[in-house]
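Q: Just passing along the structure, written as structure tokens.
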Amino acid sequence: MSRPAHIPVLRRQVSDLLRLGQGHTYADATAGLGGHAADAARAVGPAGHIILNDLDPANLAAATRAVETLGVPVTPFHGNFAALPAELARRGIAAHAVLADVGFASNQVEDASRGLSFSRPGPLDMRLNPASPTSAATLVASLSEADLADLIDRYGEERHARRVARRIVERRAEQPIQTTDDLAAIVRSAVRGVGGAGGHSGAIDPATRTFQALRIAVNDELGNLEAFVDQVRAGAAAALGLGPGPRWLLPEARVAVISFHSLEDRIVKRGFEAAQAQGVATVLTRRPIEAEPDEVDANPRARSARLRVLQVGIAARPDY
Ligand SMILES: C[S@@+](CC[C@H](N)C(=O)[O-])C[C@H]1O[C@@H](n2cnc3c(N)ncnc32)[C@H](O)[C@@H]1O
């Protein structure tokens with residue numbers, strides 16, 4: 001079956017900073033289609049070990065094949081990356097390097113049946129894990145106007161959140177909102193004429209922020225990232241014998257997180273700083289690393305990528 005490609009972002013920077021060597025263990029918290037994992041597999045070689053984790057079973061299977069093809073031992077886990085540290089510790093695996101490249105892969109956004117894109121007509125679903133109980137349509141049908149407005153304001157940073165919530169509640173009283181194009185049309189009609197984004201040439205589609213908010217809520221993206229980053233701190237302490245948490249990181253392990261919007265990046269920044277303040281890790285990236293212009297030209301999705309890297313223990317801070 002041919003699948004649309006996903007171009008991994010910041011590939012060279014991730015490889016340089018994770019410093020993997022032959023025989024190392026690499027854990028990929030968000031395997032996607034396995035682009036970063038294949039780079040790691042080449043670095044660790046057949047004596048190494050690649051652990052792949054993803055909520056999306058189809059992506060996990062694709063990434064597993066990509067690593068297997070390279071002849072490197074691979075262990076796939078289907079699950080939430082917030083549970084990965086405990087799963088690794090339970091199996092007695094500690095990693096030299098870990099990557100979480102959060103959010104969605106291009107093939108997921110391009111698949112209209114997942115309902116992630118306001119520009120692709122499809123069911124209003126948005127679940128990364130098809131087994132999860134709550135879709136975007138469920139949230140849109142069941143939340144109160146005030147809760148919808150809060151959600152769109154907080155996760156979408158949409159300044160017309162109250163207006164959008166009111167319009168959704170009016171429309172759903174007439175008929176259920178079940179498709180991406182229904183919702184996109186409702187948001188556009190609420191924002192149009194009040195100076196919302198999209199009214200100006202070159203501005204983003206007015207539906208962008210509301211779709212982002214629903215995606216974040218449906219998949220608890222911020223809660224999962226917070227839990228993961230907190231376990232990086234606890235794992236660093238445990239690796240140094242300074243805390244009781246699960247041992248899933250080796251001393252001097254490196255952990256890289258790539259995020260795609262400011263709400264996520266803030267969580268990573270604060271979590272990494274907390275680990276450093278506790279004296280169990282060193283933040284290697286003074287500022288988040290961003291894509292070079294040539295990468296953004298080739299892959300516009302790279303424009304919003306922000307990479308932060310931490311090393312377990314006290315290390316010299318390179319000038320990244
Ligand atoms: C940006 S893609 C990763 C791309 C990957 N680095 C590559 O090179 O192909 C993000 C992946 O993370 C997965 N994902 C998002 N949130 C997750 C979570 N909480 N737990 C596990 N996987 C998650 C998505 O299903 C998607 O496949």
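Q: Would you mind checking the tilt of helix 262-277 against the longest principal axis of the Cα atoms of the chain, expressed as 0 to 90 degrees and rounded to 10?
A: For helix 262-277, the angle is close to 30 degrees.
Q: Also, quick follow-up: Gain in length, Glu170 to Arg317, computed as 0.36 nm per residue apart minus the alpha-carbon separation, to one decimal in nm?
A: Values: separation 147, 0.36 × 147 = 52.92 nm, distance 5.45 nm.
My answer for the length gained is 47.5 nm.
Q: Per DSSP helix of 4 or more residues, -39500 (n - 2.57); summed, then divided by the residues of the chain. What does that give at 222 nm, rounded to the nearest 500?
A: Details: 13 runs with 139 residues, N = 320.
About -13000 deg cm²/dmol.
Q: Just the number, please: percent antiparallel of the DSSP beta bridges in the chain, rounded to the nearest 5. Working shown, then result.
A: Values: 11 of 29 bridges.
Roughly 40 percent of the DSSP beta bridges within the chain come out antiparallel.
Q: Under 8 Å for C-alpha pairs, at least 6 residues apart: give me the relative contact order for the chain, rounded to a whole percent.
A: Working: 631 pairs, mean separation 52.4, N = 320.
After rounding, I find 16 percent.
Q: How far apart, in nm, are the 7 Å Cα→Cβ label points at Ser119 and Ala185?
A: 2.0 nm
Q: Strictly greater than 12 Å: what percent of every Cα pair in segment 51-113 meets that?
A: Working: 1416 of 1953 pairs.
Counting every Cα pair in segment 51-113, those more than 12 Å apart make up 73 percent.
Q: First measure r as the distance between the Cβ atoms of Arg192 and Arg286, then evaluate 1/(1 + (r/R0)^6) with R0 = 41 Å and state the FRET efficiency to the nearest 0.05.
A: Details: r = 42 Å, r/R0 = 1.02.
Rounded to the nearest 0.05, the efficiency is 0.45.
Q: Percent of Cα-Cα pairs more than 17 Å apart in segment 11-149, please.
A: Working: 5984 of 9591 pairs.
Here the long-distance tail beyond 17 Å is 62 percent of all Cα pairs in segment 11-149.
Q: I would also like to ask the following. If only Cα atoms are counted, what is the Rg of the chain, and what is its Dmax, in Å?
A: In order Rg, Dmax, the Cα atoms of the chain give 20.3, 62 Å.
Q: Now for a different question. Seen from all sides and averaged, what is the projected area of the convex hull of the Cα atoms in segment 1-50, in nm²?
A: Numbers: hull surface 15.4 nm².
The Cα convex hull of segment 1-50, projected and averaged over all directions, gives 3.8 nm².
Q: Under a no-solvent Debye model with one identical scatterer per Cα of segment 133-218, what's log10 I(q)/I(0) at q = 0.11, 0.18, 0.23, 0.24 Å⁻¹?
A: Debye curve over Cα of segment 133-218, log10 I(q)/I(0) at q = 0.11, 0.18, 0.23, 0.24 Å⁻¹: -0.24, -0.67, -1.12, -1.22.
Q: Okay, moving on. What whole-number volume per residue, in cubic angstrom, does the convex hull of the C-alpha atoms of segment 83-174 give? List each step's numbers first, then the result.
A: Values: hull volume 14.1 nm³, N = 92.
Dividing the Cα hull volume of segment 83-174 by its residue count gives 154 Å³.
Read the figures in this text as sums done on the coordinates, not as results from a lab. This structure is a prediction, so every number in the text was calculated from the model and none was measured. Positions of Cβ are generated from backbone atoms using ideal geometry, with glycine treated the same way; all protein chains shown enter the neighbour counts.
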